[in-house]
1. Classify segment 3-105: rounded, prolate or oblate, from the alpha-carbon gyration tensor (a ≥ b ≥ c, eigenvalue square roots; a/c under 1.5 rounded; otherwise prolate if a/b is larger than b/c)?
2. Stretched out fully, how many nm does the piece from THR98 to ILE17 gain, at 0.36 nm a residue minus the Cα gap?
3. For the chain, what is the charge dipole size about the Cα centre, in debye to the nearest 20, if Lys and Arg each add +1 at the Cβ and Asp and Glu each add -1 at the Cβ?
4. Hand me the trypsin sites (Lys or Arg not before Pro) from segment 15-46 located in a DSSP loop with no more than 12 other Cβ atoms within 10 Å, in residue order please.
5. Where in segment 60-84 is the amide nitrogen less than 12 Å from a point lying 7 Å along the Cα-to-Cβ axis of VAL6?
6. Return a whole-number percent for the relative contact order of segment 3-105, with Cα pairs under 8 Å and 6 or more residues apart as the contact set.
Amino acid sequence: MARAVVSLPATVKRGEIVEIKTLVQHAMETGFRRTQLGIAIPRDIIRLFVCTYNGEEIFRAEFHPAIAANPLLTFTTVATESGSIAFTWTGDKGFSLTESARITVE
């Protein structure tokens, strides 16, 4: 089971740089390991992360097998207007997780 944690301020001033932190917990498997019988364990990783601010993409990251099991991302954006920031992780085996947070710009 996957779980996401998102951290950003609830209220900021217009034009302020906002630091956003995300952490997703996911049972990752690189696809490089084998069982005791030598059978490859299928890859199961998060492949893509996309963040949107009021529907406009502000950050994107593509992941590959060497990514950490629980990837932590920190990035910034400029506060332009109040609204919603959406975070979407997608991966192998149909994995998809979306979280959102409201931000108020004064």
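Rule-based calculations on the coordinates, nothing more; no lab input. Predicted, not measured: the structure shown is a model, and the values here were computed from it. Cβ sites come from the backbone with ideal geometry, for glycine too, and all protein chains shown count toward neighbours.
1. Numbers: a/c = 3.32, a/b = 3.04, b/c = 1.09.
Prolate, since a/c reaches 1.5 and a/b exceeds b/c.
2. So the chain would gain 26.8 nm between THR98 and ILE17.
3. Details: 11 positive and 11 negative charges, 79 e Å.
The calculation lands at about 380 debye.
4. Those that pass, being in a loop and sparsely packed, are ARG33.
5. Those under the cut-off are 83-84.
6. Value for segment 3-105: 32 percent.
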